[in-house]
1. Can you name the residue in the range 227-262 that is more than 21 Å from the chain's Cα centre (by Cα) and not in a helix (DSSP H, G or I) and is also modelled with the highest pLDDT among such residues?
2. Go through the range 296-307 and report how many residues are over 19 Å from residue 240 (Cβ atoms) and out of contact with any strand residue (DSSP E or B) (no Cβ under 8 Å at 6 or more places or on another chain).
3. Go through (1) modelled with pLDDT under 75; (2) farther than 17 Å from residue 231 by Cα and name the single condition residue 204 misses.
4. Starting from the range 321-334, keep only residues that are under 15 Å from residue 284 (Cα atoms), then list their pairs with residues that are part of a loop (DSSP other than H, G, I, E, B) whose Cβ atoms are within a distance under 7 Å, requiring at least 6 positions of separation or different chains.
5. Please tell me if residue 197 is in a strand (DSSP E or B), at pLDDT 75 or above and buried (at least 18 other Cβ atoms within 10 Å of the Cβ).
6. Across the range 308-324, what is the number of residues that are surrounded by 14 or more Cβ atoms within 10 Å (Cβ to Cβ) and among the aliphatic types (A, V, I, L, M)?
7. Can you name the number of the only condition in (1) of a type in the set (Ser, Thr, Tyr); (2) in a loop (DSSP other than H, G, I, E, B); (3) modelled with pLDDT of 75 or more; (4) closer than 23 Å to residue 223 by Cα that residue 290 fails?
8. Select from the range 12-67 the residues that are modelled with pLDDT under 85 and of a type in the set (Ser, Thr, Tyr) and write down the one among them that is nearest to the chain's Cα centre (by Cα).
Amino acid sequence: MLRFSHRWEHVHIAFCPDPATHAPLRVLKPEDFPRLRSLSITNNSTQRGSNALLSFDDVFSCLTRAPQLTVLRIIGIPVEIDDLNLAINWATLVELQVQVLEARSFNCEHVLVVLAKCPRLKRLSIGPLRDRYSADPNTLPAHPIEAPSLETLDWFVFSSAIEPLAHILCPSLTSLSIRCSKSRRTTIPDLASLERFLANNNNLNATTLEHFHLSPCCNAAQIHRLIQQLPKSLRSLSIRDHEYPNVWDSGLDVLYLNEALLALLDAHFPNLRQLRFEDCFSISMPELRSWASNSSRLESLHVAFARHAKTEEERGWEAYFKELVDAGMDVRMDFVALPRSSANRGMPSSVFDSEQW
């Protein structure tokens with residue numbers, strides 16, 4: 001296959017950490033891949049701690065430095081993305097996706113370094129970021145890093161490591177996703193960095209943001225304050241509610257996907273076309289139908305519940321929303337499937353089926 005490397009345009013490599021497997025790549029040069037545009041490198045081995053993977057730079061540098069490379073995806077490999085000498089043709093990249101192993105999570109300040117080295121970057125997906133790898137405030141730049149071409153930013157965190165956002169200017173941004181690990185230990189107690197990011201970009205009249213996704217564990221007050229800072233140009237919104245171990249510990253008061261939130265969305269986003277709720281628990285079918293019926297611009301409503309369907313409206317949601325569907329709206333309700341049988345007949349199939357909920 002290497003004989004035809006000069007014809008390669010899109011390459012996906014999924015490998016086990018065996019040096020003998022990719023040793024032939026060491027003899028090649030970037031010039032041997034003149035047409036390569038897209039490169040995806042994935043570790044599909046369970047031997048994630050293997051020292052063989054630490055030779056990423058040596059093995060794949062002939063590919064990552066290809067002169068026409070615009071898309072680079074590195075998944076499950078402990079690559080030192082914060083190594084400024086990493087052999088990547090940064091200047092040509094339009095899309096970068098890096099999901100490293102937990103043992104080699106990013107230092108937040110180096111995310112800013114990567115952005116500064118990629119002036120043409122349009123799509124960035126990066127993480128996980130952890131608190132213990134957070135940047136020293138004294139080392140963060142005094143002035144924001146400009147990412148003039150960035151349109152899509154997907155930020156994956158395990159905790160509250162989002163402070164670099166406050167130091168990025170993205171006047172072309174259309175989609176922002178802040179994703180948090182599904183863990184009861186995951187919290188984002190302070191969204192100040194995200195709020196500063198929105199304020200900084202709004203000051204530049206950056207009202208191009210159309211899609212926003214948020215899935216951390218916040219409280220209702222934080223969510224409401226954050227929504228009021230999002231641009232009114234927003235057309236697509238996706239929000240995930242609390243993880244249910246937190247609900248079990250704290251009660252239903254921590255949930256924020258409810259009627260009050262729907263009213264806030266109606267008041268703040270006149271151009272909203274698509275709405276998706278994830279891990280929803282407390283909102284009712286009448287509340288959803290009433291809100292959707294009064295939202296003249298809404299085109300798509302998807303709600304994924306974290307519980308079983310309990311009421312007649314929920315079990316027959318297709319008929320309940322038929323009028324809206326017939327009018328052209330895309331409506332979908334997803335519920336946790338009921339088990340066909342249980343060894344503990346008579347017992348709740350989950351803690352959320354008990355009477356207190």
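1. Checking each candidate, the answer is 232.
2. 2
3. (2)
4. Close Cβ pairs (under 7 Å, with a partner that is part of a loop (DSSP other than H, G, I, E, B)) amount to 331/321.
5. Judged against the criteria, residue 197 is not a match.
6. Of the residues in the range 308-324, 2 are surrounded by 14 or more Cβ atoms within 10 Å (Cβ to Cβ) and among the aliphatic types (A, V, I, L, M).
7. Failing condition for residue 290: (2).
8. Per the criteria, the residue is 42.
The values are calculated or read from the model by the stated rules, or taken from the named source; none is laboratory data. What you are looking at is a predicted structure, and each value in this text was computed from that prediction instead of being measured. No Cβ is skipped: glycine too gets one built from the backbone with ideal geometry, and neighbour counts run over all protein chains shown.
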